[in-house]
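Below is one structure, written out as structure tokens, with a few remarks after it.
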Amino acid sequence: MTEPLLQVLGLNKRFGAVAASRDLSFSVNHGEIHGLIGPNGAGKTTAINQLCGELKPDSGSIRFDGRDITRLPVHARARMGLARSFQITFIFEHLSTEQNLALAIQAHEGHSFRFWGRADRDRRLIGPTRQILERVGLEARAGEPASHLSHGEKRQLEVGMALAGQPKILLLDEPMAGMGPGGTVELSRLIQELKGTLAILLVEHDMDVVFSLADRVTVLDYGQAIATGSPQEIRSNPVVRRAYLGEEA
Amino acid sequence: MSPKFSRKHLLLGLGLIALLLLPPVTGALGEGYLVSLFSRILIYALVALSLDLIVGYGGMVSLGHAAYFGIGAYVVGILAHHSYDGVPLISWPLELQGTENALVTLPAAVLVSGLFAAVIGFFCLRTRGMHFIMITLAFAQMLYFFYLSLETYGGDDGLSLYSRNRLPGLDLADDTSFYYLCLAILLLCLYLSHRLVHSRFGRVIQGIRENERRMLALGFPTYRYKLACFTIAGAGAGLAGALIANQTEFVSPGLMHWTRSGEILVMVLLGGMGTLFGPVLGAIVLLLMEEVLASFTEYPMVLLGPFLILVVLYGRKGIYGILLGRGGADD
């Protein structure tokens, strides 16, 4: 286990005059929860979008699971085990909770050029769907249209959809955004339970959440990684305090 | 079973009985011409159904669907033309003769139009939204002008058939037999579409309509699925085109004109987008209204326009949605 699971090397991405990523480098190890924090506009979402393939970096490379994935399209990265959840809840509102999950499972079960059999009676979808419903605690809401779920439940569903493909890493983009305290606790518990089974890159605004969950934290500022370390190290790092917390050292 | 559910079955059952009994009843009433009008309606229902697969289920609004309809019709027309004058269609690398056998012409129409849809879709599906609408329109107009200038096959005068295709065991020259053939094909395609939209493939297509970015992030290569859907829809339209060529015994570039694509799209909207029976209903209502209004006004659109606006404003799923009430028209 020498090579980290995910390795970002010298990523650069400019939008006109704005450098959203500047020589960005960091890595995520197998099984760890890695926090990615930084002030607004530090380039967190840009970084995530480059990792999952929606944005192509101007230069630099991304290695995942022993392969250079810099040029791979989004769906191919997802198939390799790189799953993401979105900052804005991004589910299929018109489908039921169950159907949302079944679709996510289908994505990783080979191709879907099956034109005949009914998907809702497909045993290879029903079984795994049940398992994930339990795992994210939504059994009671299985048949409900996803649009009827509460904000917190939608988040749980999103995580469930990301988990459906048995990913090696989960990119969570501000999972706690817009949630009440109850939802935050529930989701933190879920993330805690996932720990060890897969790596998680947690992009989050809520510092308390990050510091309580993460094994290591990377701090972004103006598109650059200015520090990486354990939560304790980050908390006491003077560079971070100055950049992030706006304190005069 | 909810009451909505049985109401739906009642409606569909009555509709089916009405369509099955149409020839004997209109024959008894001495209104036999209605059989040929309804053959035409069933054919348009089929092309509207195929368009709904991409517009209603796949979320890809195409304004070029009549192109595949026209290609299907021309396959029948050109094969018949070569059959009459005995000149082979192709003589190299293998010799292909014309034919009037429906067992050959109908599958050929499906195949050729599906192939065209695959090639055109290959380019069009790299765009989305307004660009997609415009590029499908552009391809269709290109084909329209191509056939318009194709003097060998009649150019803008079109091609006349001496008779309908032959089908072993059924006399297609007889309007009633032809009507039942159209009905059987439509019912078969409805059943196939029903299986399709409820299959894994169908779920993927509907997922793409809802949120393509999410589908990519889940690991679906969405482009391939959209192209497959577009091809299937094109093939369906080609089948309808082959039938219309037989019904009118005439093929012309007008079948492909973009206004025809618009008319088919209106049928889908009017009947109920994203439902299987909606497009059928839309074709029936639109063509019947045109027929009735044409008898006392020169400009049926003056009255059809407001009607269409009302249906689209008040029925999320068109007439079918209104008939079934809230939440009843999900497939």
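No lab work stands behind these numbers, since they all come straight from the coordinates. Note that the structure is a prediction, hence the values are computed from the model and not measured. Don't worry about glycine lacking a Cβ; one is built from the backbone with ideal geometry, like all the others, and counts go over all protein chains shown.
Our note on the geometry: Cα centres of the stretch B:234-304 and the stretch B:164-228, 18 Å apart. Computed from phi, the 3J(HN,Hα) profile of the stretch A:148-156 under the Karplus parametrisation 6.51, -1.76, 1.60 (θ = phi - 60°) reads 8, 6, 6, 4, x, 5, 4, 4, 4 Hz, with x in place of Gly and Pro. Dividing the summed -39500 (n - 2.57) terms of all DSSP H runs of n ≥ 4 by the residue count of the protein assembly as shown sets its mean residue ellipticity at 222 nm at -17500 deg cm²/dmol. In order along the stretch B:310-317, the phi-based Karplus estimate (6.51 cos²θ - 1.76 cosθ + 1.60, θ = phi - 60°) of 3J(HN,Hα) comes to 4, 5, 5, 5, 9, x, 4, 10 Hz; Gly and Pro are listed as x. The Cβ shell under 15 Å around residue A:169 holds other residues with a net charge of +3, Lys and Arg each +1, Asp and Glu each -1. With R₀ fixed at 60 Å, the C-beta to C-beta distance from residue B:291 to residue A:139 puts the FRET efficiency at about 0.65. Radius of gyration (Cα atoms) of chain A, expressed as a multiple of 2.2 N^0.38 Å: 1.03.
Near residue A:30, the amide H atoms lying under 5 Å from its own belong to A:5; only residues 5 or more places off or on other chains count, and H is placed 1.01 Å from N.
If both residues of a DSSP beta bridge must be in the protein assembly as shown, then about 55% of such bridges are antiparallel. Scanning residues 5 or more positions from residue B:150 or on other chains, those with amide H under 5 Å from its amide H are B:155, with H placed 1.01 Å from N in the peptide plane.
If R0 is 30 Å, what FRET efficiency do you get for residue B:152 and residue B:103 from their C-beta distance, rounded to 0.05? E(calc), rounded to 0.05, equals 0.70.
For the stretch B:234-289, dividing the convex hull volume of the Cα atoms by the residue count gives 93 Å³ per residue.
Taking the Cβ-Cβ separation of residue B:130 and residue A:195 as r and a Förster radius of 51 Å, what is the calculated FRET efficiency to the nearest 0.05? Computed FRET efficiency for residue B:130 and residue A:195: 0.65. Amide H to amide H distances under 5 Å link residue A:221 with A:226, where only residues 5 or more positions off or on other chains count and H is placed in the peptide plane. Name the most mobile residue of A:62, A:169, A:126, meaning the one with the largest mean-square fluctuation, in a Gaussian network model of chain A with Cα contacts below 10 Å. Ranking A:62, A:169, A:126 by mean-square fluctuation puts A:126 first. Considering only beta bridges that DSSP places wholly inside chain A, some 55 percent are antiparallel.
Put in line by how crowded their Cβ is, counting other Cβ atoms within 10 Å and starting with the fewest, A:27, A:112 read A:27, A:112.
The alpha carbons of the stretch B:3-324 occupy a box of 55, 52, 39 Å along the principal axes, longest dimension given first. Note that the stretch B:206-221 has calculated 3J(HN,Hα) couplings of 6, x, 5, 4, 6, 6, 5, 4, 5, 4, 4, 5, 6, x, 8, x Hz, one per residue in order, obtained from phi through the Karplus relation 6.51 cos²θ - 1.76 cosθ + 1.60 (θ = phi - 60°); glycine and proline are x. List the longest stretch of chain B that has no exposed loop site; here a site is one of the chymotrypsin sites (Phe, Trp or Tyr not before Pro) assigned by DSSP to anything other than H, G, I, E or B, with at most 14 other Cβ within 10 Å. In chain B, the maximal stretch lacking such sites is B:1-161. Here the stretch B:3-324 is assigned +1 on the Cβ of each Lys and Arg and -1 on the Cβ of each Asp and Glu. Its dipole about the Cα centre then comes out at about 1960 debye. P(r) tail for the protein assembly as shown: Cα pairs beyond 38 Å make up 43% of the total.
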